[in-house]
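To start, the structure under review is shown below, and the notes come after it.
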Amino acid sequence: MAEQTFIHRSLFLVGFILVTILIIIGRLYYLQIYEGQHFRSLAEGNRIALQPNLSLRGEVFDRNGVALAQNKSTFRITLMKEKGTDINQALENLEPYIYISAEEKENILKRSRKRQGLEPLTIKDHLTWEEVSLVEMNLEDLPGLSIEVGHMRTYPKDELVAHLLGYVSAPSEKEQEADPVLTIPGIAVGKVGIEKQLDKDLRGIPGHKQLEVNAGRRIVRELSDFPARSGKPLTLTIDLRLQEYAVERLAEHESGSAIVMDVNNGEVLAFVSHPSFDPNLFVDGISHHNWRELMDNVYVPLTNKAVSGTYPPASTLKVLSVLGALESGIVNEDTTFFCPGYMYIGSHKFHCWRKHGHGAVNARKAIVESCDVYFYEVAKKMGYESLKQVYEEFGLASKQLWQYPHERSGLVSSEALKRKKTGHKWTVTDTILSIIGQGYMLATPIQLAVVAARLGSGKMIEPQLIRTKENPTFPSMNVDPHALQVVRDAMSAAVNSPQGTAFRFRLKEGAFAGKTGTSQVRRITMEERARNLARGTHLDWKYREHGLFIGYYPAENPKYAISIVLEHAGGGSKAAMAARDIITKIQELEKEDAGETETH
């Protein structure tokens, strides 16, 4: 009996041991074979670290090869972070060699909590050479820390092309969530302008190195290197020589914009928004002082007025109004109306800018002398829809630069728009205001330049900012050729005949065509009219009228289109003067380039 009990117990024990061994073998099989790849990956993850290698951002040049955006070498110190890494201890170890403020420490700890796994954490960027030397000599006492070489965007022309080019800066949290690549330390993204519009092309593709590290996170060796691919270089259509002059010319005024375009291919040769700002301030994070200084500036230097500034186009739009009236058959070029200096619509008196009137006025004289009453008469006779169609065909109420950041589309009056804003129906008064570029009419300087280019070329010109080897082709405008020629002749006379509103600003050599505009920003009182104060020059700057000019050069066979908007300049004369000076500079550059061609 005792022997049987012993045997049973022995068999049970042997069975228990066998079952235990089988369980252990099964578990080992599961861990090493079935889950082996997973745990090998975890082990490799503890042994191998990825070190990102940022791509060089593509450089940007003007049409003549002058650098507008470049990259300069910079150094940063990073921490190879893993679970259990004491960030505070790492910062304390670094303190004897590099000063890190309390605010910087707080930001580092905040970013550290968002970093995953072995992603390196940037401790400080843009180190001086002295700081780099100190850290390099003491790396033995700084476990996990290393020096990396990076690049920082720089804009050698400072304010000259800031609005066109834009700037780069560190990505926001929202941008990082949308694109994990943007979590790489030191990476920068375009925030506005060309830098934002073509960010992915300019940014290139980052690379990385696989590094073997020991338990102390020190680099043992480099296992592999996947090089970064640099961003594409970019050549803009801008001529920096003309851009620089236009910036200087507009600096004589408080605020404004200037656009110069090639009439044949749409290339934008000058793109000015004044005042400007230094884009270099933003690359490494703008200081609170500099930010407040820009934000508190009453002339809003951060606003790109060339594409975001919207203004009543005023009398510059009269050229399109005449074109629409001629095409609709309401008038012909010889139809005349008498201008006594005013006209009544019901009980409301509409004034002409010339107090005592222009007398008998036909289509040509209406543009040359900018007679308002002529257009009031036309407005009474024609429906607004045909006028609206011409405005839209010439580029108003639509964005002109494909996907360009922050561009606004402006407004073209319509009954639907008025009902939405006021709840009231359309009246002849609304047509009157629209036909002279006031009321619910807003245009950007780039749109006004497109109007000038399409008038000068007779083609559906679209503005181009990027220079390519092939010139784009544009279809002809769907307008009556005779009506277009009447408008062109009148625009030439507006500058080159003694009766023209811009005659004082004609060229010494050659001729250009154009139309001035004076855009009201407030209602003029009867008292001001009686005292000849309608221009508002007695008022504070922000209450004065805008000055506008659109045109093209030469008057015959145009090559260049131009638009000028001077905020609160008191009238279109100053805009016409600025246009003349910029066209004179174009003439000088043409002679300069012709001389260089002959030399070569």
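The values are calculated or read from the model by the stated rules, or taken from the named source; none is laboratory data. Since the structure is predicted, the reported quantities are computational estimates derived from the model, not experimental observations. Heads up, the Cβs are rebuilt from the backbone with ideal geometry, glycines too, and the neighbour counts pull from every protein chain shown. Heads up: the accessible areas ignore ligands, DNA and RNA and are worked out on the full protein's heavy atoms, side chains in. Shrake-Rupley method; radii C 1.70, N 1.55, O 1.52, S 1.80 Å.
Across the accessible surface of the chain, with the other protein chains kept in place and a 1.4 Å probe, carbon and sulfur atoms take up 52 percent. For the chain, adding -39500 (n - 2.57) for each run of n ≥ 4 DSSP H residues and dividing by the number of residues yields -11500 deg cm²/dmol at 222 nm. Solvent exposure of the chain, expressed per residue, is 50 Å² of accessible area, with all protein chains present and a 1.4 angstrom probe. Computed from the C-beta positions of Asp278 and Glu103 and an R0 of 30 Å, the FRET efficiency is 0.80 to the nearest 0.05. Annotation note: trypsin sites (Lys or Arg not before Pro) in segment 252-333 located in DSSP loop regions with a Cβ neighbour count of at most 15 within 10 Å are absent. Shape analysis of segment 240-599 based on the Cα gyration tensor places the equivalent ellipsoid semi-axes at 31, 25, 20 Å, largest first. Packing, as the average of other Cβ atoms within 10 Å across residues, places the peptides 484-496, 150-162 in the order 484-496, 150-162, highest first. Computed about the Cα centre, the dipole magnitude for the chain is approximately 2000 debye when only Lys and Arg (+1) and Asp and Glu (-1) carry charge, each at its Cβ. Loop sites by DSSP among the chymotrypsin sites (Phe, Trp or Tyr not before Pro) of the chain, restricted to those with at most 13 other Cβ atoms within 10 angstrom, leave 100-401 as the longest stretch without any of them. Extension gain, Thr468-Glu177: 0.36 nm per intervening residue step, less the Cα-Cα distance, totals 101.3 nm. The orientation-averaged projection of the convex hull spanning the C-alpha atoms of the chain amounts to 43.9 square nanometres.
Taking a straight Cα-Cα cut-off under 18 Å and skipping sequence neighbours fewer than 8 places away in the same chain, the aspartates and glutamates within cross-link reach of Lys421 are Asp430. Stokes-Einstein diffusion for segment 351-479, with the hydrodynamic radius set to the Kirkwood value over Cα pairs and evaluated at 20 °C in a medium of 1.002 mPa s, equals 129 µm²/s. Assuming R0 = 45 Å, what is the FRET efficiency of His126 and Glu392, from their Cβ-Cβ distance, to the nearest 0.05? Calculated transfer efficiency: 0.35. Residue pairs exceeding 23 angstrom between C-alpha atoms, taken from Lys508/Lys574; Lys559/Lys585; Lys381/Lys459; Lys191/Lys232: Lys381/Lys459. For Ala443, the residues 5 or more places off, or on other chains, whose built amide H falls under 5 Å of its own are Tyr311, Leu411.
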